[in-house]
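Scroll down for the structure; my scribbles are underneath it.
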Amino acid sequence: MTRRKYVVGNWKMNGLKSALGEARSIFAAADAHPGVDVALCPPFTLIGAMAATAPGKAVGGQDCHSAASGAFTGSVAAPMLADAGASLVIVGHSERREGFGERDADIRAKAQAALAAGLSVILCVGEPQGVRESGGAIAYVLAQVEGSVPDSFDPQRFAIAYEPIWAIGTGLVPTVADVAAMHGAIRGALRERFGDAAESIRILYGGSVNGDNAAELLGAGDVDGALVGGASLTAAKFVPIIAAAAGL
């Protein structure tokens, strides 16, 4: 089946109101590529303003709590994201897994909460460099998929992002063959678990994606788009990635 390409920018802990002009430029340029779904996930502080300045565009959060409300100082619930204008959320990013000790069960609960709040979900998986070098990358990532992905969801509202931890922000990029092998393994695991519904789940690649390598990476087997970090902060760097996706 043909799945629409999906290119998502994760701004991480970057961006003040002065950056909203870049978001407008990105979304305006994306309109020239209607065959590609484009989303931006700014810091929590910009979600409402970005959604207001780019009505109808896909704006998302970078994380959410598994509870809908409660005494969780500093946390943001999925219904709050939706209320602010978000339509999607990233969960399980390696920077949450590694830096905040989030486990597969935590990420599964967050994904379930987001789906219940009406948000689409991008769930991240990926291996550290030592696991890649030892030859255990596929087994490691498939264990994350098994432990993190909920048992029931609308596949049209769910994507998985494969981000090898060692490639995030380092400039290091796995070979296209390695990316295709991992995405194929993830697709196979999803088919075993969800049957035909797995064909609608988009699998994105993330990790040092830029305008120069996007076409090659996005052209690999079972790669349905990209989750982009630093290169998504400006239209000059992000729009070429969107254009590369459109050309496939």
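Here, each number is a calculation from the coordinates, and none is a lab measurement. Values in this document were obtained by computation on a predicted structure and should not be read as measured data. Glycine gets a Cβ as well: all are built from the backbone with ideal geometry, and neighbour counts include every protein chain shown.
Rounded to the nearest whole Hz, the Karplus-based 3J(HN,Hα) values (6.51 cos²θ - 1.76 cosθ + 1.60, θ = phi - 60°) of segment 86-97 follow the sequence 6, 10, 8, 8, 8, 10, x, 4, 4, 6, 7, 5, with x at glycine and proline. Between 95, 133, 163, the residue with the greatest mean-square fluctuation in the GNM of the chain (Cα pairs under 10 Å linked by springs) is 133.
Once backbone amide H atoms are built at 1.01 Å from N, residue 90 has 61, 62, 63, 122 as its partners under 5 Å, excluding neighbours fewer than 5 places away on the same chain. The label-point distance for residue 216 and residue 52, in a model that sets each label 7 Å from Cα toward Cβ, rounds to 4.4 nm. Here is how the number arises for the chain: DSSP H runs of 4 or more residues each give -39500 (n - 2.57), the sum is divided by the residue count, and the result at 222 nm is -12000 deg cm²/dmol. Each part reduced to its alpha carbon centroid, segment 60-91 and segment 145-182 end up 22 Å apart. Phi-derived couplings, Karplus 6.51 cos²θ - 1.76 cosθ + 1.60 at θ = phi - 60°, listed residue by residue for segment 68-82: 6, 5, x, 8, 10, 3, x, 9, 10, 8, 4, x, 5, 4, 4 Hz, with x used for Gly and Pro.
Checking the a/c ratio against 1.5 first, then a/b against b/c, what shape does the Cα gyration tensor give for segment 111-248?
It comes out oblate by the Cα gyration axes.
This model, with +1 at the C-beta of Lys and Arg and -1 at the C-beta of Asp and Glu, gives the chain a dipole about its Cα centre of some 480 debye. Note on the chain: Lys pairs 8 or more places apart or on different chains, Cα atoms under 20 Å apart, count 8.
Fully extended, how many nm does the chain gain between residue 133 and residue 152 (0.36 nm per residue separation, minus their Cα-Cα distance)? Could the numbers behind the result be given before it?
Numbers: separation 19, 0.36 × 19 = 6.84 nm, distance 3.36 nm.
Value of the extension gain: 3.5 nm.
Across segment 82-172, counting alpha-carbon atoms alone, Rg and Dmax equal 13.6, 44 Å. Looking only at 143, 82, 226, which one moves most when the chain is put into a Gaussian network model with springs between Cα atoms under 10 Å? It is 143.
For segment 114-248, the share of DSSP beta bridges that are antiparallel, to the nearest 5, is 0%.
Compare the peptides 106-113, 188-195 by average per-residue count of other Cβ atoms within 10 angstrom and give them in order, highest first. Before the final figure, lay out the partial values.
Working: 106-113: 21.6, 188-195: 15.0.
Averaged packing, sorted descending, gives the order 106-113, 188-195.
Residue exposure proxy: 72, 238, ordered by other Cβ atoms within 10 angstrom of their Cβ from fewest to most, comes out as 72, 238. When all alpha carbon pairs of segment 1-148 are counted in 10 Å bins from zero, the resulting P(r) reads 11, 37, 33, 17, 2 %. The H on the amide N of residue 77, modeled in the peptide plane, is under 5 Å from the matching H of 65, each at least 5 residues off or on a different chain.
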